[in-house]
Amino acid sequence: MPRYDFSSHRLHVDAPLAPGKHIDLTHGQANYLTNVLRLGEAATVLVFNGRDGEWTARIAIVSRKAARLVVETPTRPQPRAADLDYLFAPLKHARLDYMVQKAVEMGASRLVPVITRRTQVGRLNRERMQANVIEAAEQCGILAVPEVLEARPLERALAAWSPDRLAVFCDEDADVRDPVAALSAYGQGSGELGAAQPVALIIGPEGGFDPDEREALLRLPRVARLSLGPRILRADTAAVAALALIQAVLGDGRA
């Protein structure tokens, strides 16, 4: 696989990518490239849309406030999509921003806010979450852009659960204290997350799941219960730790 080019600026675009394709930039994108980054006519950037891989594109200045890109050559093919859902009880503002960005960096393919009985955040800005997803993907060389789903009650998410999806549930009362050993029992030697089995990580709210919710989680068809150690972690910290474990044991961290 080609190495990431971290020296070039990367931009996510919502348009098909092909040689010679012209892409009109939004006002914000044009301002960012020409005024913030001070890139001029014929400067090149890397572009991706989450479907067609990564390409080089040349800037064409249309006017003082408008620009477009001319797509030139492919640099990296679109990778095979993982199947890693991240279900989480929403947090407040900056901590939610951080958690969304880190989930993208750690390879989550779908972000699913779930409302639990102890969730303290009543309203979510889905557009802000999607903007954080795109920003993280642009900065970290990620080509598969995770989808941000609408928030839903935990009960509804569990009622629609697919029986073949492995639920990774961070549980301080897990029987197996070694989280690597607990996950290894479900490994299928694929070396690529989602090739052998779909996975979902479930992180609860501050204060944890209530007893009924916990029992409902444990009744799912396939559940890997993880202990994350002797310390109580904040929800955003637990997410990063658990996603790293999943990728290291079951996913592309082993490649």
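Some points to look at:
- Computed about the Cα centre, the dipole magnitude for segment 201-255 is approximately 280 debye when only Lys and Arg (+1) and Asp and Glu (-1) carry charge, each at its Cβ.
- Modelled spin-label separation between SER184 and GLU135, with each label point placed 7 Å from Cα along the Cα-to-Cβ direction: 3.9 nm.
- Calculated FRET efficiency, ALA43 to ALA81, Cβ-Cβ distance, R0 = 25 Å: about 0.20 to the nearest 0.05.
- Point-charge dipole on Cβ atoms (K/R +1, D/E -1) for the chain, about Cα centre, debye to 20: 560 debye
- Across the chain, the mean sequence separation of Cα contacts (distance under 8 Å, 6 or more residues apart), normalised by length, yields a relative contact order of 19 percent.
- Counting only DSSP beta bridges with both residues in segment 1-112, the antiparallel share comes to about 75 percent.
- The antiparallel fraction among DSSP beta bridges confined to the chain stands at about 40%.
- Simple Cβ-charge dipole of segment 128-255, Lys/Arg +1 and Asp/Glu -1, about Cα centre, in debye nearest 20: 200 debye
- Within a straight-line Cα-Cα reach of under 15 Å, LYS102 can be paired with the following aspartates and glutamates, leaving aside sequence neighbours fewer than 8 residues apart in one chain: ASP85, GLU135, GLU138, GLU147, ASP236.
- Net charge of the neighbourhood of PHE169, taken over other residues with C-beta under 10 Å away and scored Lys/Arg +1, Asp/Glu -1, is +1.
- Candidate aspartates and glutamates for bridging to LYS65, where Cα separation is under 18 Å - those fewer than 8 sequence places away on the same chain excluded: ASP24, GLU41
- Segment 129-255 - percent relative contact order, Cα under 8 Å, separation 6 or more: 35 percent
- Furthest towards positive pole of dipole, GLY20, ALA167, VAL223, structure part the chain, Cβ charges: GLY20
- Measuring max minus min along each principal axis, the C-alpha atoms of segment 1-147 give extents of 54, 36, 24 Å (largest first).
- Top of PRO230, PRO74, PRO113 by mean-square fluctuation, Gaussian network on the chain, Cα under 10 Å: PRO230
- For the chain, modelled as a GNM whose springs connect Cα atoms under 10 angstrom apart, the maximal fluctuation among VAL199, VAL36, VAL176 occurs at VAL36.
- Most positive-pole-ward Cα, LEU37, ALA60, PRO74, against dipole of segment 10-76 from beta carbon charges: LEU37
- Net charge of neighbours whose Cβ lies under 11 Å from the Cβ of PRO16, counting Lys and Arg as +1 and Asp and Glu as -1: 0
- Under 16 Å from LYS21, Cα to Cα: aspartates and glutamates that are on another chain or at least 8 residues apart: ASP52, GLU54, GLU72
None of the figures in this text is laboratory data; all of them are computed from the coordinates on show. Keep in mind it's a predicted model, so treat the numbers as computed, not measured. Virtual Cβ from ideal backbone geometry, glycine too; neighbours counted across all protein chains shown.
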